[in-house]
Amino acid sequence: MKDIKVGDQVPALTKHCTLTSMIAYAGATWDWHRLHYDHDYLKSKGLSSPVVDGQVFGAYVVQAIQDWLGESAFISELDFRYAGLVFAEEHVQVSGEVTEASSSGISLSLNIDVVSANGTVLRPAVTPITAKVVWR
């Protein structure tokens, strides 16, 4: 276990939601909803670009935590709420901090924001996110 204390920051993880990565994710999860790739369907719904599958945000949070804490970190709880749609070719960034720490694990408060290519926050995508991590 690392020496972690309340207030420690989770290193930011930025992901580019390319259409290619979205289609790969759809294939891996068997989620072929037309909202994620079909431009004619999107146009009929008043949308100009494919919508990123919401499930991927859980994967991004887990990646950010495990990149930071390593393989001994086990995410025992994860809860989040969507704040808005994210579209193909946008960038998102996971960030957060430790809210509780003990010898058995930590609690985290996180957000995912849509950011510009240079990292400026444009709008929230997923917030709030809470996670509990235990050591295995």
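The numbers here are math on the coordinates, done by the rules we state, and not lab data. In this text, all values refer to a predicted model and were calculated from it rather than measured experimentally. FYI the Cβ positions are ideal-geometry reconstructions off the backbone, even for glycines, and counts take in every protein chain you see.
Which of the listed residues, 86, 46, 98, is farthest toward the dipole's positive end in the chain, when Lys, Arg count +1 and Asp, Glu count -1 at the beta-carbon?
Positive-most Cα among the choices belongs to 46.
Work out the length of the dipole vector of the chain about its Cα centre, built from +1 on the beta-carbon of each Lys and Arg and -1 on the beta-carbon of each Asp and Glu, and round it to the nearest 20 debye.
Its charge dipole is roughly 160 debye.
Using a Gaussian network model on the chain with a 10 Å cutoff between Cα atoms, which of 50, 124, 11 fluctuates the most?
Checking each option, the largest mean-square fluctuation is seen for 11.
May I ask you to list the aspartates and glutamates whose Cα is less than 13 Å away from that of residue 132, ignoring any residue fewer than eight positions away on the same chain?
Once the sequence-local aspartates and glutamates are set aside, what remains near residue 132 is 77, 79, 97, 100.
Comparing 28, 73, 83, which has the greatest mean-square fluctuation in the GNM of the chain with Cα pairs linked when under 10 Å apart?
28
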